[in-house]
Structures are given as structure tokens and as C-alpha cells.
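The values are calculated or read from the model by the stated rules, or taken from the named source; none is laboratory data. Bear in mind the structure is a predicted one, so any value in this text is a computation, not a measurement. Counting neighbours? That spans all protein chains shown, and the Cβs are built from the backbone with ideal geometry, glycine included. Protein only, heavy atoms only, side chains kept; ligands, DNA and RNA dropped before computing areas. Shrake-Rupley method; radii C 1.70, N 1.55, O 1.52, S 1.80 Å.
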Amino acid sequence: MAEVGEENAVKRQENRKRQIGKFRRFQKQGVVHRLVGRILSVVTLAGVCALLAACGAKDGENPAVVPDFVLTYAENQAEDYPTTQGAYQFAKLVEEKTGGKILVQVNAGAALGDEQSVIEQLQFGGIDFTRASLSSIGEFVPKVNVLQMPYLYNSAEHMWKVLESEIGDQFLHGLEGYGLVGLSWYDAGARNFYTSEKPIRTPEDMVGMRIRVQESELMSRMVELIGAEPVQMAFASVYSALETGKIDGAENNWPSYQSERHYEVAKYMTVDEHARVPEVQMISESTWKKLSPEYQQIIRECAKESAEYERKLWEDRIQRSREIVEKAGCQVIELTPEEKAAFQEKVLPLYNEYCGDYMDLIDKIVEAGK
């Protein structure tokens, strides 16, 4: 799947480069005034059409399509990762459904910065789209922490039942007061602990360990309550930190553990599923307001279609990543219900600390899983 995904991504990027090349040639001719994410014409629509007919096409060819918008999409994962492939699918759908009038340029591998900085750039319109974890969004929009509380969901089915209900819609709409517009939910699986020196079966096993967490106070507090020392660190730095002993472990999902080769330097994976942290595909509110209602509707439709695509890729990727890790000789520790309950008890104070005003929502989420 990765090889096919990479090949398709390359083809899409080459196609976009050809289109952007045409676009920039028109820009040099004075047709276009601004490029990224804004209305670009400095002449009337009739003037643009006339000029393109005169200089943009040869005999027997259709006039080239000049985009109304060329928008940026930031993604911090690798090219073959499900969320990145979802981003490329989104860009493809938007281009198709707008007839080339909106182009979305996907920048993978954290080329535009880590999640925290990208969200900040979205808030003032420096970047147009991104996909971000609720752990990162929670630093800007505290209420979303409700959806990522440790051991909240009893299964993936439970989480999706919540996200696809009025509860999920309420949280997507709630981002708009923070300079963000939520478009769709992306899957990110369940997060587990993995360590380099010894396996984890009990909270006591983690006492004294230095565990990398996302730049999230909630995740830091969770690790503290279990008994370890949290170390907030950018995702790109985790491998070297594990390799050099700067940290003793980290926590993430199966694809991240495998794709970033963390299993090479942290061979013990404890499947505790302490967090199912959904992710959100978003657009900058300032960009959103520049789009016509028709374009806004297309963007929403494409976002939901790309989310369904990403979810299928994710399911396949989890299985493949686990197989790779196990073949490499890593030790996978499956906790019993009793062992998992010991971790659950340790983190109970988090619910009052972070969700004291939203316990009614917590109760609804728990009820949905029964």
C-alpha cells in the first residue's frame, strides 16, 4: 500500500506542478496579482477570460484553467502515512470538484513546522489547512480535552459512535471561536507505551522513567499520575532521544511506532490503549471566510470523503505495522483487564482537573459505549 500511495502522490504532485507552472506564467503576464489563498485577479473576470483565450491556449486546445485559490496544507507525518494519504486524497477531490479552481498543495513531513506552530499559523491565516491531534488542539481549545481523556473509550467502535453523533459535531463547530474551522474527524488509533530498557506491566514499572509526550499538559499530567516523568518533545526528535537514552520511552500508536522506526530503539510495546485521540482536519477561519458558500460546501464534502478514505487506510496500516514490529523481534505486552484497571485508577484525578465543568458530556460519552 505504501509503494502505491507514494507513486500516486508523486503523480499528483507532478500534475499540480504543471498547473502551478501555468498559473505562474499567467502571473508574469500581469493576469494574477496574488497567489496563495486569496482572490487573485486584478482585472475583471471578463478581462481574464479574454486574455486567457488570447494567450493561454493554442489552436484546438481548451483555455487553461486559472485557479481562484492555491492553498497550503500542512501535515507532519511521512508521505506514506494514512493521514498524509488522506490529505492527498482531499486535495485531489477538491481539484476535481472545483474544476481546478481550487488547488491544495500538501506539505508532508513537518515541512511547515510541528503541529503547535502550524495551528498558530492557521489562526492568523499563514497556512490554510492542516490535520492535527486533539492533544495539540487542546492547548488552544481546552474543551476538546473531553474527547481525549485517558481510558475514556472501550473500543474504536465506541469512539466513532461518539464522533459521528451530535457530540462530535458540537466539538467541530466549537473550534470556530479560535480562528479554526473543523471539517472532519481523522483516525489515529489507540496510543500505547513503549520503552527501551524494560517492559511495562504495572504503574510501578514506570516509576522513575522519562517518557516522551506530545506538547500537551494533559498528557504530561497523565504520565505524572502514573508515576513517570513526562518529557514534552517534538515528534521528529523522539528517535534520537530514545537512542541516546535522553528518554526511556514514549507513547504513540502502532503506525507511528513503526513508520518512524522507534521500535529499533524501544523494543517493548505495552498495549494499554490509554488514549484514543481523534484528529481533526481543519481550515483557517480567515481562509474560510474568503471562500464562496459553494466552495465551502465542496470543501466540507471533500473533507468527509477524505476522512472515510483515511479511516480505511488506517485499519490496514495498523495490522501491517504490528506485523513489521513483531517480525523485528519486539516484545508486545498485552495487559489483562485487571492490569489495565490499575492504570485507569491512577489517572482518575484527571477527570476532575480537566473536565470538572463537562462531566455531563463525559457521562454521555461513557453511556454511548454501554
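Against the condition in contact (Cβ under 8 Å) with a residue 24 or more places away in the chain and open to solvent by less than 10 Å² (accessible area, probe 1.4 Å), how does Val271 come out, does it pass? Don't jump to the end; show me each part of the working.
Details: in contact (Cβ under 8 Å) with a residue 24 or more places away in the chain: yes; open to solvent by less than 10 Å² (accessible area, probe 1.4 Å): no.
No: the conditions fail for Val271.
Name the helices (runs of 4 or more DSSP H) wholly within the range 165-256 that hold at least 2 residues that are touching a helix residue (DSSP H, G or I) at 6+ places or on another chain (Cβ under 8 Å), under 28 Å from Ser321 (Cα atoms) and of a type outside the set (S, T, N, Q)?
Details: elements: 166-173, 217-226, 238-244.
Counting at least 2 such residues, we get 217-226, 238-244.
Give me the residue from the range 216-230 that is open to solvent by less than 20 Å² (accessible area, probe 1.4 Å) and either at pLDDT 90 or above or of a type in the set (Gly, Ala, Ser) (or both) and, out of that set, nearest to Ile119 (Cα to Cα).
If we filter the range 216-230 for residues that are open to solvent by less than 20 Å² (accessible area, probe 1.4 Å), which is where we start, we get 216, 218-220, 222-223, 226, 228.
Those still in the list that are either at pLDDT 90 or above or of a type in the set (Gly, Ala, Ser) (or both) too: 216, 219-220, 222-223, 226, 228.
Working: Ser216: 14, Met219: 18, Ser220: 20, Met222: 23, Val223: 24, Ile226: 29, Ala228: 28 Å.
It comes out as Ser216.
Can you tell me which residues in the range 147-204 are of a type in the set (S, T, N, Q), at pLDDT 95 or above and closer than 20 Å to Glu285 by Cβ?
Across the range 147-204, the qualifying residue is only Ser184.
When the residues of the range 183-212 are filtered to those that are touching a strand residue (DSSP E or B) at 6+ places or on another chain (Cβ under 6 Å) and free of Cβ contacts under 8 Å to residues at least 40 places away in the same chain, which remaining residue is most open to solvent (accessible area, probe 1.4 Å)?
Arg210
Kindly indicate the residue of the range 78-107 that is of a type in the set (Gly, Ala, Ser) and either part of a strand (DSSP E or B) or open to solvent by 20 Å² or more (accessible area, probe 1.4 Å) (or both) and also farthest from Ala236 (Cα to Cα) among those meeting that condition.
My answer is Gly99.
If I filter the range 122-142 down to residues being open to solvent by 50 Å² or more (accessible area, probe 1.4 Å) and of a type outside the set (Asp, Glu), which single residue comes out as farthest from Gln297 (Cα to Cα)? Even if it seems obvious, please write down each step before you answer.
As a first pass, look at the range 122-142 and keep what is open to solvent by 50 Å² or more (accessible area, probe 1.4 Å): 123-124, 139, 142.
Going one step further and asking which of them are of a type outside the set (Asp, Glu), we end up with 123-124, 142.
Working: Gln123: 21, Phe124: 22, Pro142: 28 Å.
Only one residue tops the list, namely Pro142.
Which of the residues that make up the range 148-164 are assigned to a helix (DSSP H, G or I) and either within 18 Å of Lys304 (Cβ to Cβ) or touching a Cys at 6+ places or on another chain (Cβ under 8 Å) (or both)? First the steps, then the outcome.
First pass over the range 148-164, keeping only residues assigned to a helix (DSSP H, G or I): 148, 156-163.
Selection gives Met159, Trp160, Lys161, Val162, Leu163.
Quick check, is Val162 in contact with a helix residue (DSSP H, G or I) (Cβ under 9 Å, 6 or more places away or on another chain) and surrounded by fewer than 17 Cβ atoms within 10 Å (Cβ to Cβ)? Give the steps one after another, and end with the answer.
Values: in contact with a helix residue (DSSP H, G or I) (Cβ under 9 Å, 6 or more places away or on another chain): yes; surrounded by fewer than 17 Cβ atoms within 10 Å (Cβ to Cβ): no.
Spelling it out, it is not the case that Val162 is in contact with a helix residue (DSSP H, G or I) (Cβ under 9 Å, 6 or more places away or on another chain) and surrounded by fewer than 17 Cβ atoms within 10 Å (Cβ to Cβ).
Restricting to the range 322-370, give me the number of residues that are in a helix (DSSP H, G or I), closer than 26 Å to Arg201 by Cα and open to solvent by less than 30 Å² (accessible area, probe 1.4 Å).
3
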